[in-house]
Amino acid sequence: MRGRSPAPLAPLLRAGILVAALSPAPAGAIVGGQEERDSAGLRRGVVALERGGRTFCSGVLISPDIVLTAAHCLAAGRPERVVALDAGFRRRARPVLAGEVHPGFVAGRPPADQTGPDLALLRLGGRDEAGSTPLGLDGSLAAAPEDLVVAGFGVAAEAAPEGRRVLRAARGLKAVPAFGPARLFVDSATDGERHGRSACHGDSGGPLLGPGGDGGPAVAGIVTWTSGPLNRRDAACGGLTAVVPVASHRDWIAAARRRLSAGGAG
């Protein structure tokens, strides 16, 4: 799905108000990011969701067998498998056995029109051959832009679908006024007025990471949709990145994780 840039975005953001006519898209690949090549870094926790041999969303491991992602990524059914990268950046796949969508999520609504939490959990089968490390859920959304990192397996540009399956990350996002149940972030260098760093096609369900209690990266939010910048009416990426904060939903995440680990949900 493509989106149009909000108009007029810049003056409303400066005024602390967002009353724009948005036509955003579910988030895809990281725009303006760098390929993740640290074997001890984010590749250990950020994963790709696949169906029919195609990467279509991202996610993050929060337990050895549990992935947190966006609920709209399950709209066409559960992913067939989740792919993590091992220390040599080889792809290691595990089957998806079960999933649970947040009960407040409204099925059939576009992500940007969603009135409920766009969150879901998946339970994985098989062995972890990637040497993965689950990430905590205590990341801070109030951190400085240089400490906020968005990561995913989406494309690096809207017209470059071949960029999927590569893990990328970008830092330097700052918060702007909230929009419904999501929090909004823009590239701190462009303020969303020009093309800048953002999530894009395939990054839905991936994490926005902030400093955790131990000082390392932890999940602060889950990417749900993006829009283009003010100067690109035909774009769907490079402007806003919308995320669902996890802090408000920790009780549901904990309960759903227990149910899935016990073999529940479907």
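The values are calculated or read from the model by the stated rules, or taken from the named source; none is laboratory data. Computed from a predicted structure; not experimentally measured. Heads up, the Cβs are rebuilt from the backbone with ideal geometry, glycines too, and the neighbour counts pull from every protein chain shown.
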Consider Ala93 carefully, then state whether it is of a type in the set (Gly, Ala, Ser), in contact with a strand residue (DSSP E or B) (Cβ under 9 Å, 6 or more places away or on another chain) and within 19 Å of Val223 (Cα to Cα). no
Is there any pair linking a residue in the stretch 82-97 that is under 17 Å from Ser63 (Cα atoms) and touching a residue at least 12 places away in the same chain (Cβ under 8 Å) to one that is among the small types (Gly, Ala, Ser) and loosely packed, with under 13 Cβ neighbours inside 10 Å, with Cβ under 6 Å and at least six apart or on different chains, and which? Pro95/Gly125; Leu97/Gly125
Could you tell me how many of the residues in the stretch 235-266 are part of a loop (DSSP other than H, G, I, E, B) and out of contact with any Ser or Thr (no Cβ under 8 Å at 6 or more places or on another chain)? 6
For the stretch 166-187: of the residues being small (Gly, Ala, Ser) and more than 18 Å from Gly238 (Cβ to Cβ), which is surrounded by the most Cβ atoms within 10 Å (Cβ to Cβ)? Gly180
Every residue from the stretch 124-138 that is assigned to a loop (DSSP other than H, G, I, E, B) and touching a Lys or Arg at 6+ places or on another chain (Cβ under 8 Å): Gly125, Gly126, Arg127, Asp128, Glu129, Ala130, Gly131, Ser132, Thr133, Leu137
Could we say that Leu124 is modelled with pLDDT of 95 or more, in the same structural domain as Arg44 (by TED's automatic domain parsing) and under 16 Å from the mean Cα position of the chain (by Cα) here? no
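Let me confirm something: among Ala255, Ala242, Ala236, which residue is hydrophobic (A, V, I, L, M, F, W, C) and assigned by TED's automatic domain parsing to the domain that holds Val96?
Ala255
Counting only residues that are at pLDDT 95 or above and over 20 Å from the mean Cα position of the chain (by Cα), give me the strands (runs of 3 or more DSSP E) lying completely in the stretch 1-110 with at least 2 of them.
Working: elements: 46-51, 54-63, 66-69, 81-85, 91-101.
Counting at least 2 such residues, we get 91-101.
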Inside the stretch 106-126, the number of residues satisfying the requirement of being closer than 20 Å to Leu184 by Cα and either crowded, with 21+ Cβ neighbours inside 10 Å or among the basic types (Lys, Arg) (or both) is 8
Within the stretch 77-105, take every residue that is over 21 Å from Val166 (Cα atoms), of a type outside the set (A, V, I, L, M, F, W, C) and touching a Pro at 6+ places or on another chain (Cβ under 7 Å) and give me the one that is surrounded by the most Cβ atoms within 10 Å (Cβ to Cβ). His102
